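Below you'll find the structure, written out as structure tokens, and then a few comments.
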Amino acid sequence: MNMENPIVSVIIPNYNHAPYLKERIESVLAQSFQDFELIILDDCSTDSSREIIELYKSNDHVSHVVLNQENSGNTFVQWKRGVDLAKGQYVWIAESDDVAHPSFLEVIVAQMMQHPNAVLAFSHSFLIDDEGHDLHINKHLNNNPDAVSVYDGARFARRAMLRRNDIYNASMVVFRRDEFYNVDDNYRRYRTCGDWAFWMSLCLQGGVIEVCRQLNSYRQHAKKVTTQAGRTGDDWLEVGDLLHHFISQLSLSGISLRLFRGKWTKDFRESQYPDKNVLIARYPDVFGGSKIDIFLYGFFNLSRRLLNK
């Protein structure tokens, strides 16, 4: 381990995740790849998080502990604060309620080193409940644990990031620190969709590596910001704005735009959002698709699933 010039900077941004924080920190310290610094940030937690963090302040891996006196109100502000402190070539934002397999860094960093044009690599994840039990949900089409795919970033963005956020959890990703500063800072405007905007912009900077092994555990619980937003419908407001931005960012047109609009029109019509006409009028290029758009998307999606069987 070289604390002056570590290969990886691990950032744990925490807010009120005391029940999971010790397990998270221990899963980082237990990595088989040990050339990393650990930066722990607490966003003015009101639970016992700070007492737990205090237990690790003297650990050899811990380079910074930052305890906010006021809540920043946005986890993405914490991301930037951590990256600004980081010295590593690569960054892993290890969310404070998740857990990593001991080989996560070893496997992912090896892929990043093997593919110098890649800006990020991500693993697949187990989805776990509040108590850490596997929910047996797999969000990916390729379930071969030995598979590793390397994509052109722009192609990956169009294939995987328009229909949903395939990089759905920061804890499953390692990215190049220098590329962080090339990302469109539009992502910081969002409360629930900022990670989606961030990964989309980062993908457009270079190659993307998908490691199909489940090396990360992504915890699902009631305190998650995205869960709370989903209950109120606030997430649809952000999704509309975000996807409208993606259309121009990726220069979508022709059949690509029709498939995109068909998918999101269908999903939005099936949602429980209370006044759909307001958002359709606001984002017609996202939610205002025709029956033909929806049919084209359905036909394309069925064909894609059959080909991947």
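The values are calculated or read from the model by the stated rules, or taken from the named source; none is laboratory data. On a predicted model such as this, the values are computed, not experimentally measured, just so you know. Cβ sites come from the backbone with ideal geometry, for glycine too, and all protein chains shown count toward neighbours.
Would you mind finding the one in 191, 176 that is at pLDDT below 95 and either surrounded by fewer than 20 Cβ atoms within 10 Å (Cβ to Cβ) or not acidic (Asp, Glu) (or both)?
So the residue among 191, 176 that is at pLDDT below 95 and either surrounded by fewer than 20 Cβ atoms within 10 Å (Cβ to Cβ) or not acidic (Asp, Glu) (or both) is 191.
Out of (1) at pLDDT 95 or above; (2) assigned by TED's automatic domain parsing to the domain that holds residue 303; (3) charged (D, E, K, R), the odd one out for residue 234 is which?
If we test residue 234 against (1) at pLDDT 95 or above; (2) assigned by TED's automatic domain parsing to the domain that holds residue 303; (3) charged (D, E, K, R), just (1) comes out false.
Restricting the search to the stretch 52-95, which residues are part of a loop (DSSP other than H, G, I, E, B), among the hydroxyl-bearing types (Ser, Thr, Tyr) and more than 21 Å from residue 7 (Cα to Cα)?
Within the stretch 52-95, just 72 meets the criteria.
Out of (1) under 24 Å from residue 116 (Cβ atoms); (2) in a strand (DSSP E or B), what's the single condition that is false for residue 38?
(1)
Quick one: in the stretch 122-133, which of the residues that are touching a residue at least 60 places away in the same chain (Cβ under 8 Å) and not small (Gly, Ala, Ser) is surrounded by the most Cβ atoms within 10 Å (Cβ to Cβ)?
By that ranking, first place goes to 122.
Contact list please: Cβ distance under 6 Å, first residue in the stretch 57-84 and in the same structural domain as residue 193 (by TED's automatic domain parsing) and in contact (Cβ under 8 Å) with a residue 12 or more places away in the chain, second residue in a helix (DSSP H, G or I) and among the charged types (D, E, K, R), pairs at least six apart or on different chains.
What qualifies is 76/188.
Can you name the strands (runs of 3 or more DSSP E) wholly within the stretch 120-231 that have at least 2 residues being more than 20 Å from residue 94 (Cβ to Cβ) and of a type outside the set (D, E, K, R)?
Answer list for the stretch 120-231: 148-151, 207-219.
Identify the residue in the stretch 43-99 that is under 18 Å from residue 171 (Cβ atoms) and of a type in the set (Gly, Ala, Ser) and, among all such residues, is nearest to the chain's Cα centre (by Cα).
94
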